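The values are calculated or read from the model by the stated rules, or taken from the named source; none is laboratory data. The structure presented is a predicted model; accordingly, all values stated were derived computationally and were not measured. Ideal geometry is used to build each Cβ from the backbone, glycine not excepted, and the neighbour counts take in all protein chains shown. Side chains included, ligands, DNA and RNA excluded: accessible areas come from the protein's heavy atoms. Shrake-Rupley method; radii C 1.70, N 1.55, O 1.52, S 1.80 Å.
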Amino acid sequence: MAAEIINGNEIAEEIRRNLREEIDQLKTHYGIVPGLCTVLVGDNPASVSYVTAKNRACEELGMRSFHRHLPAETSEEHLLGLIAELNQSGEVHGILVQLPLPPHISEKRVLEAIDPNKDVDGFHPVNMGRLLIGEEIFPPCTPAGIRELLLRSGTRIDGADVVVVGRSNIVGKPIALMLVQKRSDGNATVTICHTKTRDLAAHTQRADILIVAAGHPRAVTGSMIKPGATVVDVGVNRVGTTESGKAKLVGDVDFESARQIAGKITPVPGGVGPMTITMLLANTVKAAKLSLGLWTPGCNK
Ligand code: NAP
């Protein structure tokens, strides 16, 4: 029997409905409107479309969206000055610097300049450290989206054998850290695989939950999956164009063979993708609550 499809669009919409209510309550009871500022340096077309989508999503939920678009030749000093200004702003609760930055600017210095309490991307070392010790404030958005997909699709994480393929700082490592935490939405036994893993299939075949973030089409095929497993395909690979001329997207999992073996599976597109921006919005609402003292670390609400 073919696997159940985990519909990321539907789950993202469900979360956004809840966020809309929370935002209305913040406005009514506290007179505060959560605000996100995106910062873009240069005109990379993919980055332009990502920040446009993020700003639009904010506005659709009734949040404030600010955007600072700087020329590619902007100096690091100028960008750091802007970050310092946004750190002080009472209207901006979340700051997102769109990556990649031009090569003459240090991403590390810029990300570390963001106030950790406004770091809604969750990339600041302080927030990574909080994640490590089980006191997350802003979990990075894609891993947070993966966890929500698992929880809301009824996949049991507690006690599960989880295998993560990929060890990047934005997906592989943080999702592994999140699912291993001693808490009800964690408690998994987690293995992280990478290009030096000796026998990838031997690991993936015993996973109750398989999360694939390798960045290569068909890195995982059906024969590498345990029957009945939940498979989360994080990959986004552009392979040619569709009949309508749009880029054809595939994940890192060979969907057709995998869906014959898995119990549940996320599609590409329409799986993890819609969750990433949604979790950015959720982190921004959390940042606004944090600024009011309505939310404290360790309380994952
Ligand atoms: P990345 O930084 O390129 O990391 C890829 C990881 O996969 C590396 O750790 C690499 O190992 C490992 N890997 C690659 N090929 C492998 C193989 N054959 N077997 C085992 N491990 C392998 O990628 P990323 O930023 O984590 O992104 C992963 C994918 O997710 C990409 O397709 C990206 O576009 C997508 N993505 C999607 C979203 C979304 O919102 N939907 C968000 C972020 C990323 P080494 O460390 O040994 O090199």
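If you scan the range 83-97, which residues turn out to be buried (at least 20 other Cβ atoms within 10 Å of the Cβ) and in contact with a strand residue (DSSP E or B) (Cβ under 6 Å, 6 or more places away or on another chain)?
Within the range 83-97, 86, 92, 93, 94, 95, 96, 97 meet the criteria.
If residue 236 satisfies every condition in (1) of a type in the set (Val, Ile, Thr); (2) in contact (Cβ under 8 Å) with a residue 40 or more places away in the chain; (3) open to solvent by 10 Å² or more (accessible area, probe 1.4 Å) but one, which is the exception?
For residue 236, the exception is condition (2).
Give the residues of the range 132-169 that are open to solvent by less than 50 Å² (accessible area, probe 1.4 Å) and in contact with a Pro (Cβ under 6 Å, 6 or more places away or on another chain), sorted by residue number.
Hits for the range 132-169 are 137, 140, 143.
Just for the range 141-177: of the residues that are in a loop (DSSP other than H, G, I, E, B) and within 9 Å of the ligand (Cβ to nearest atom), which one is farthest from residue 252 (Cα to Cα)?
Among them, the one singled out is 169.
Hydrophobic (A, V, I, L, M, F, W, C), in contact (Cβ under 8 Å) with a residue 40 or more places away in the chain and surrounded by 16 or more Cβ atoms within 10 Å (Cβ to Cβ): which single residue out of 110, 120 fits that description?
120
Answer yes or no as to whether residue 231 is more than 30 Å from residue 89 (Cβ to Cβ) and open to solvent by less than 20 Å² (accessible area, probe 1.4 Å).
It is true that residue 231 is more than 30 Å from residue 89 (Cβ to Cβ) and open to solvent by less than 20 Å² (accessible area, probe 1.4 Å).
Can you pull out every residue in the range 178-217 that is in contact with a Leu (Cβ under 7 Å, 6 or more places away or on another chain), within 14 Å of the ligand (Cβ to nearest atom) and assigned to a strand (DSSP E or B)?
193, the sole residue that qualifies.
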